[in-house]
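Notes follow once the structure below has been shown.
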Amino acid sequence: MEKYDFHKIEEKWSEHWEKEHYGQAEDFSRKAKHYHLVEFPYPSGAGLHVGHCMGYGASDAYCRMKRMQGYNVMYPIGWDAFGLPTENYALRTGIHPTVATAQNIAIFKRQIKQLGYAFDWSREINTTDPDYYRWTQWIFLQFYKHSYKGDSPNSGTVPGSRSKERSPLIKVADDDATTPRLAYQKEMPINWCPACKIGLANEEVISGACERCGAQAEKRMQKQWLLRITAYADRLIRDLDTVDYLDKIKTQQINWIGRSEGARVHFMLKAEGRKLADELEVFTTRVDTLFGATFMVIAPEHPLIQNIRYQISNIKEVEGYIDRASRKSDLERTELAKEKTGIEILGIKAVNPINDAEIPVFIADYVLPNYGTGAVMAVPAHDERDWEFAQKYHLPIKTVVVPASRKQKNQNEELNQAYIDYGVLVNSGPFDSLTSGEAKKKIAERLKSIGAGDFAVNYKLRDWIFSRQHYWGEPIPIIHCKKCGIVPVPEDQLPLRLPDIEKYEPTETGKSPLAKVTDWVNTICPRCDGPAKRETDTMPNWAGSSWYYLRYCDPNFNPHPDPLPNREREPKGNIKDDLFETPSPLRGEGGGEGQVLASRDKLDYWLPVDIYDGGMEHTTLHLLYSRFWHKFLYDLDQVPTAEPYAKRIAHGIILGPDGQKMSKSRGNVINPDEMIKKFGADTLRAYIMFIGPYDQESAWSMAGIQGVFRFMNRVWHNSNKVTGGQSPKGDSPQVLVKLHQTIAGATDDLTNFRLNTVVSKLMEFNNLLEKQAAISAESFGLFLRLLFPIAPHLAAELWEQTQTQKDISAQPWPQVDQELLAEQKITIVIQVDGKYRDGIQTSPDISEEEMKQAALSSQKARVSLGTKRIRRIVVVPKKLINIVT
Ligand code: ANZ
Ligand code: ZN
């Protein structure tokens with residue numbers, strides 16, 4: 001037989017599958033569906049990296065098995081193509097991002113096809129395609145046009161659980177400026193990268209530095225678009241109970257959302273003995289310590305300063321402090337070890353609502369502007385930071401909680417550190433001797449009754465900053481009119497296309513380069529027909545990926561004709577019609593009409609995604625964002641399920657041969673193209689599966705891929721041993737048993753994404769074949785079917801050469817012959833004083849004790865033993881037993 005010419009084989013089968021549309025899913029097939037999603041790539045100029053291959057290859061293998069098991073599998077792919085790298089490339093080369101994107105996609109496609117990843121190409125999508133981002137923009141407008149009942153953490157109410165009958169959404173009238181919308185604009189301090197000239201989301205700042213370029217991030221005030229993800233925080237936590245995600249993924253999401261139960265307390269402010277209009281509101285998880293509040297601290301960014309400027313006698317120093325604080329990162333500010341700094345705001349006092357005590361107000365940067373209310377009541381006796389601050393500035397420390405055991409004696413004993421645990425209240429008037437738990441409830445109730453506070457829930461999760469000052473993103477479909485304010489672009493005018501531009505640099509003012517395209521920016525107000533300007537911010541790169549898995553279900557769906565009646569010109573007035581009380585054009589009767597993103601019957605058929613594979617790094621970003629969008633779309637009745645993904649798994653990363661993260665600068669990047677050239681696609685696929693446990697980090701090894709290459713070659717040569725005929729009779733019991741053990745083990749491993757052991761089991765079986773003189777076509781065929789998900793080209797070629805049935809991809813997945821496994825026997829050698837006396841057939845799970853019993857009852861052994869005394873028995877488990885006299 002000729003040598004293993006992988007190039008020829010791989011080309012042949014790749015063309016074959018392309019022609020046959022292998023991998024194409026069928027809508028509404030009566031087979032059981034399996035929707036298998038992998039995170040779609042950003043088509044960068046560098047092409048596919050081996051990390052992509054890890055996720056795509058494993059999922060491709062899994063899907064091939066599922067198809068052979070009779071499932072209607074949808075395994076789609078598309079391009080998450082908006083984002084900074086392409087824009088930066090355009091900046092450097094002058095090549096338009098659309099052109100660069102198309103070039104990059106072509107590279108990715110060629111590589112993916114070469115590797116035999118059988119995606120359903122008929123469902124390919126591209127987030128930068130106007131027919132796609134039209135709907136991303138549409139979703140944004142729905143966020144803008146809706147409010148969420150009880151959505152604000154400030155309100156103290158926990159959003160109730162969603163029921164089918166009642167949506168938590170309220171439609172907000174266009175000219176309603178007070179109802180909190182789910183998409184809103186707000187002047188706020190943002191992280192700003194001076195090098196990229198871009199606003200960064202909190203999660204893009206890694207220990208104070210820009211995630212992309214490493215430059216130190218700064219703070220800047222800017223008007224930003226935000227999405228009110230906090231409105232969905234409770235549901236995002238609660239519904240984790242209904243999905244099958246890795247535990248570590250659930251825990252990370254829960255911690256990221258960071259739900260705290262506590263209370264809000266209002267402190268009145270006084271200047272020269274007179275009450276001010278402004279109050280100071282704080283969030284606390286320890287309202288039981290309210291009597292111990294001896295001063296207040298507000299964040300430097302707190303808006304109060306501007307409001308009460310004229311009451312502050314040391315405003316110059318205060319402003320100097322604010323200026324210095326703006327140059328520190330959050331981490332620098334909150335680190336416990338850092339010495340606390342601050343300055344008293346002279347001229348005003350705060351009044352504790354529970355006992356009317358007048359206490360000083362400080363500004364200090366250990367209080368963060370974007371957590372709680374940006375202000376705290378400081379209780380130095382029971383909080384470590386407050387303790388430190390009080391020590392430094394000689395402020396009173398008042399104990400109000402003691403351990404239950406110390407309740408009676410020395411209540412006012414000097415502490416030498418904060419007592420932060422729960423206990424029993426002292427020095428707290430009518431609340432004395434309540435436990436902390438009881439007091440939290442009682443004090444919050446009292447505050448509520450006097451209008452000075454309430455129970456409240458707070459989240460670490462911040463609303464999602466949804467603005468970027470860049471070109472290559474979805475334009476935010478909003479118009480700013482001097483007369484009407486914010487006016488949404490009418491839905492029937494979507495998509496709002498990105499205009500072509502010459503210069504991609506962000507402007508020096510930090511505005512998007514779109515700001516310079518005057519004939520695009522200047523427009524007409526859809527409400528008053530007066531002159532108006534378009535929003536120039538674009539959406540962040542996480543926008544298009546927040547709903548792409550819906551579009552795969554129906555990639556060309558277009559709700560024609562005139563699907564979206566122009567609802568911009570509704571009667572004026574503050575209409576807050578509940579979606580479910582007033583029929584909205586969005587809500588169809590049979591769940592079919594009003595669908596916008598995909599047809600309802602296709603969503604009904606395919607959703608939820610059965611398995612979603614991706615990287616751990618997306619747990620608190622993309623995975624959380626897309627769950628949020630999905631829940632919102634569920635509330636809009638655009639999708640049939642409350643959660644998008646039934647199951648989430650995560651793959652590890654592949655490190656360079658040096659055990660370090662692959663990076664261009666380290667020169668340890670493995671190029672898939674080179675590996676394919678040298679060893680072929682099947683070897684590359686199989687090696688990446690073999691490299692290590694799927695969910696862990698593994699280092700690349702050239703020896704490793706060479707080993708897998710040898711395996712492919714041996715399989716190739718073993719096919720020479722195939723004898724004609726379909727009868728398994730020719731194969732030894734050993735081969736048959738091993739084959740069925742391999743079927744059982746490999747199926748179980750592949751089902752549970754233990755790819756490395758699937759490959760090693762196939763290798764073991766192949767080693768056994770090596771030792772055989774011949775093998776039946778039937779047994780070899782079963783082995784090839786197991787190999788097909790791993791090395792499809794080789795398996796298909798050998799199938800064609802050795803089998804009479806057609807295409808391997810149409811074959812069912814091998815079934816285990818349980819009887820064969822049950823019947824399997826091993827042979828145990830029995831010796832007396834080292835000489836062979838007997839051999840017995842027994843079950844492979846025989847214990848040492850059973851082996852001894854079997855040996856001693858062997859007729860031949862007993863004859864040989866005669867009357868000799870047995871001195872000891874040597875046992876080699878499952879192999880040999882030697883009776884020594
Ligand atoms: C009074 C108090 C007394 C507090 C006490 C703690 C102990 P978690 O659990 O993380 O939600 N806090 C509130 N807003 C803050 C801000 N913007 N910057 C820094 N700290 C802030 O923490 C809630 C606690 O963190 C709140 O409860 C508040 O301090 C502080 F013995 O209020 B506490
Ligand atoms: Zn107008």
Relative contact order of the chain (C-alpha contacts under 8 Å, at least 6 apart) in percent is 14
Interchain or long-range residues, amide H under 5 Å from ALA209's placed H = ALA217
Coil-residue trypsin sites (Lys or Arg not before Pro) of the range 467-531, DSSP, other Cβ within 10 Å capped at 13 | LYS482, LYS483, ARG497, LYS503
Between ASP241 and GLU261, Cβ-based FRET efficiency (R0 22 Å, step 0.05) works out to 0.75
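Do any of LYS31/LYS109; LYS270/LYS328; LYS250/LYS602; LYS149/LYS441; LYS482/LYS533 go past 19 Å between their Cα atoms, and which? Before the final figure, lay out the partial values.
Values: LYS31/LYS109 29 Å; LYS270/LYS328 31 Å; LYS250/LYS602 29 Å; LYS149/LYS441 25 Å; LYS482/LYS533 9 Å.
Beyond 19 Å between Cα atoms: LYS31/LYS109; LYS270/LYS328; LYS250/LYS602; LYS149/LYS441.
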Rounded to two decimals, the Debye log10 I(q)/I(0) of the chain (Cα scatterers, no solvent) at q = 0.08, 0.09, 0.11 Å⁻¹ is -0.88, -1.03, -1.30
Along the range 321-327, what does the Karplus equation 6.51 cos²θ - 1.76 cosθ + 1.60 (θ = phi - 60°) give for ³J(HN,Hα), rounded to whole Hz, x for Gly and Pro?
-> 5, 4, 4, 5, 5, 5, 8
Quick one: which residues, 5 or more positions from SER776 or on another chain, have an amide H under 5 Å from its amide H? H modelled 1.01 Å from N in the peptide plane, none for Pro or chain starts.
-> THR723, ASP731
SER29 label point, 7 Å along Cα→Cβ, cut-off 15 Å on backbone N: hits in the range 105-147?
-> 118-123
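Take the alpha carbon gyration tensor of the range 1-44, find the square roots of its eigenvalues, order them as a ≥ b ≥ c, and report rounded if a/c is under 1.5; if not, report prolate when a/b exceeds b/c, else oblate. Walk me through the intermediate numbers first.
Numbers: a/c = 2.94, a/b = 1.62, b/c = 1.82.
Here the range 1-44 falls in the oblate category.
Under the rule of -39500 (n - 2.57) per DSSP H run of 4 or more residues, summed and divided by the residues of the chain, what mean residue ellipticity at 222 nm is obtained, to the nearest 500 deg cm²/dmol?
Working: 26 runs with 282 residues, N = 885.
My calculation for the chain gives -9500 deg cm²/dmol from helical runs alone.
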Charged-residue dipole, Cβ positions (Lys, Arg, Asp, Glu), the range 765-860 about Cα centre, Debye nearest 20 = 280
With the dipole of the range 271-376 worked out from charges on the C-beta (+1 for Lys and Arg, -1 for Asp and Glu) around the Cα centre, which of PHE283, SER329, ILE348 lies farthest toward the positive end?
-> SER329
The ³J(HN,Hα) series, computed from each phi in the range 211-223 with the Karplus coefficients 6.51, -1.76 and 1.60 at θ = phi - 60°, rounded to the nearest Hz and given as x for glycine or proline, is 4, 7, 10, x, 5, 5, 7, 10, 9, 8, 8, 7, 6
Rounded to whole Hz, the Karplus (6.51, -1.76, 1.60) HN-Hα couplings of the range 228-240, x for glycine and proline | 7, 5, 4, 4, 9, 4, 5, 5, 5, 6, 4, 6, 4
Which loop GluC sites (Glu not before Pro) in the range 171-232, with loop taken from DSSP, have no more than 16 other Cβ atoms within 10 angstrom of their Cβ?
-> GLU211
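If you average the sequence gap of Cα pairs under 8 Å that are 6 or more apart and divide by the length of the range 593-743, what percent do you get for the contact order? Before the final figure, lay out the partial values.
Values: 131 pairs, mean separation 29.2, N = 151.
Reported relative contact order: 19 percent.
Using the Cα centre of the range 12-58 as the reference point, and only Cβ charges (+1 on K/R, -1 on D/E), how large is the resulting charge dipole? Debye, rounded to the nearest 20. Before the final figure, lay out the partial values.
Working: 5 positive and 6 negative charges, 35 e Å.
Computed about the Cα centre, the dipole is about 160 debye.
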Could you give the angle, 0 to 90 degrees to the nearest 10, between helix 702-718's Cα long axis and the longest principal axis of the Cα atoms of the chain?
-> 40
Quick one: compute the contact order of the range 332-381, relative version, from alpha carbon pairs under 8 angstrom and 6+ residues apart, as a percent.
-> 34
If amide H atoms are modeled at 1.01 Å from N in the peptide plane, then the residues at a separation of 5 or more from ILE826, or on another chain, having amide H under 5 Å from its own are THR842, SER843
For the range 61-139 and the range 436-453, write down the distance between their C-alpha centroids in whole Å.
-> 55
Rounded to whole angstrom, the alpha-carbon centroid of the range 243-274 lies from that of the range 176-217 at a distance of 20
Among GLY707, TYR694, LEU739 - extreme Cα towards positive end, dipole of the range 670-739, charges at beta-carbon | LEU739
Work from the charge dipole of the range 406-533 (Cβ charges, +1 for Lys and Arg, -1 for Asp and Glu, about the Cα centre) and give the residue of SER449, PRO477, ILE524 farthest towards its positive end.
-> SER449
To the nearest 20 debye, what charge dipole does the chain have about its Cα centre, counting +1 at the Cβ of each Lys and Arg and -1 at the Cβ of each Asp and Glu?
-> 1940
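Readers should treat all values here as calculations from the given coordinates under stated rules, not as data from a laboratory. Everything quoted here is computed from the prediction, not taken from an experiment. Backbone-built Cβ (ideal geometry, glycine too); neighbour counts: all protein chains shown.
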